[in-house]
Each structure stands twice: as C-alpha cells, then as structure tokens.
Amino acid sequence: MSAAAAAAHLAGADPVMGGLVAVHGVLPEPEPRGETLYGTLVRAIAGQQLSVLVARKIHARLLEFFDGRTPTPAEVLAADPEAMRAAAGLSRAKVTFLRSLAGHVEDGSLELERLEELPDAEVVAELVQVKGLGVWTAQVFLLFTLGRPDILIVGDLGVRRGAERAYGLAGLPAPAELEGLAEPWRPWRSYACRYLWASLANAPE
C-alpha cells in the first residue's frame, strides 16, 4: 500500500522521479530479516565500510564466535575483546563500537524498544550516542528496519550519485542541493532514495 502510494506521488510530483518510477515500477517493500533491533545494529557495525560480501562473512564469523547467534549485550561485554576481534576478523575500532552499543543497551541509556515510538530525529539522536553509529547508519536503520517513509539520506554516496545522473547535475549534489531537489518527494523521500539506489543497483544492506 505504501509503496504504491509512494510511486504514484513521486511520479506526479517530479518528472525525473516519474521516469525512474516508469522504469522500476512499484518497489517491493524490504524483506524483514527476523532480527531484533539490537541484532540489526550489531550487523550494521560489523559490516561498516565493507563490501556486501565481506560484511556478510564478518558478521557470520562474529555469530559463530557466540555459538551461531547474536550475542546479548552482556555476552559482548563479558567476551575477551581481542579474542572476539581475532575470531571474527573485526578491527579494534569495531570491537570498541560493539562494546559501546552493548554498554548503552545494558545500562539503559539506549532503550531500543522505545525507538519505534520516537520521531525520526529523536531516533537519530538516540543512536548516535553510541560510538560507531553515525547519522548515515541511523538513517539507514530508520528507513529499512523501522520502515519510516520520509527519510532522506543526504550523506549516502549512492543517493547522491543517483541524483547526479538522473537530474543531469554537473557533480555530486551537496546536502543543501539534494534537500532542495527532494522537497517534491515529501512525504515519501525514503522511497525516492530507493528509486535512486535502484537506478544504480547499489542500495545499502
């Protein structure tokens, strides 16, 4: 329902976006992964700045270290950091980030169960308290995990590259330029991002 409404709005509001809708049709909703919110963030940290295939391998090795499942925050904090790093192939920075996430959840300063009730900006503010969770990761989490319909990920290279090509820009749009282009896309900017990714076939996981 949302995807069809988004496609209709985008096609009517912006002729360039309408061209992408004509090519790609109504986009399917992202498949749920069956992970907890915590598990999704663990995977996001483990896979940062890696190709999709390498990110999957690193995440799988991390789960193997914890008997094939997502560890609880307490288990992450109790694990030997160097052993976890070596077993999963993680950088020391990512081990620090995973421990930061676990610590915030364990001490209650990040209440994951509340995130679905919060406005978009507040979700971002909550998540960026954690070392290693930046605005981009928080916005991807909002779009794909919480299913928020109006997220514009201005810092995403794929969104910027897609906009550059689709709109015939001289270069990658700056955040302010992209925000201006995106005004007609409201309240479906998440779907517009997905059309731009589809035009390049490189959406984040």
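The values are calculated or read from the model by the stated rules, or taken from the named source; none is laboratory data. Please read these numbers as outputs of a predicted model, since none were measured by experiment. Positions of Cβ are backbone-derived with ideal geometry, glycine not excepted, and every protein chain shown enters the neighbour counts. The protein model used for the area step is the full one, side chains on, heavy atoms only, and it has no ligands, DNA or RNA in it. Shrake-Rupley method; radii C 1.70, N 1.55, O 1.52, S 1.80 Å.
Quick notes on this structure:
- The Glu117 and Ala22 beta-carbon pair, evaluated with R₀ = 35 Å, returns a calculated FRET efficiency of approximately 0.40.
- Residues Leu181, Leu50, Leu143 ordered from highest to lowest accessible area at a 1.4 Å probe: Leu50, Leu181, Leu143.
- Note on surface exposure: Thr40, Thr72 rank Thr72, Thr40 by accessible area, highest first, 1.4 Å probe.
- In the chain, the longest principal axis of the Cα atoms and the axis of helix 2-13 are about 40 degrees apart.
- Pairs of alpha carbons in the chain separated by more than 27 Å make up 36% of all such pairs.
- For the chain, the 222 nm mean residue ellipticity estimated from helices alone, with every DSSP H stretch of n ≥ 4 adding -39500 (n - 2.57) and the total spread over all residues, rounds to -17000 deg cm²/dmol.
- Between Ala22, Leu53, Val159, the Cα set farthest toward the positive side of the dipole of the chain (charges on each charged residue's Cβ, about the Cα centre) is that of Leu53.
- Accessible area of the chain belonging to carbon and sulfur atoms, whole % at 1.4 Å probe: 56
- With a Förster radius of 22 Å applied to the beta-carbon distance between Leu53 and Tyr167, the computed FRET efficiency rounds to 0.10.
- Taking 0.36 nm per residue of sequence separation and removing the Cα-Cα distance, the Leu157/Leu77 pair yields an extension gain of 25.5 nm.
- Taken per residue, the accessible surface of region 16-147 reaches 51 Å², heavy atoms only and a 1.4 Å probe.
- Qualifying trypsin sites (Lys or Arg not before Pro) in region 65-163, DSSP loop, other Cβ atoms within 10 Å at most 15: Arg69
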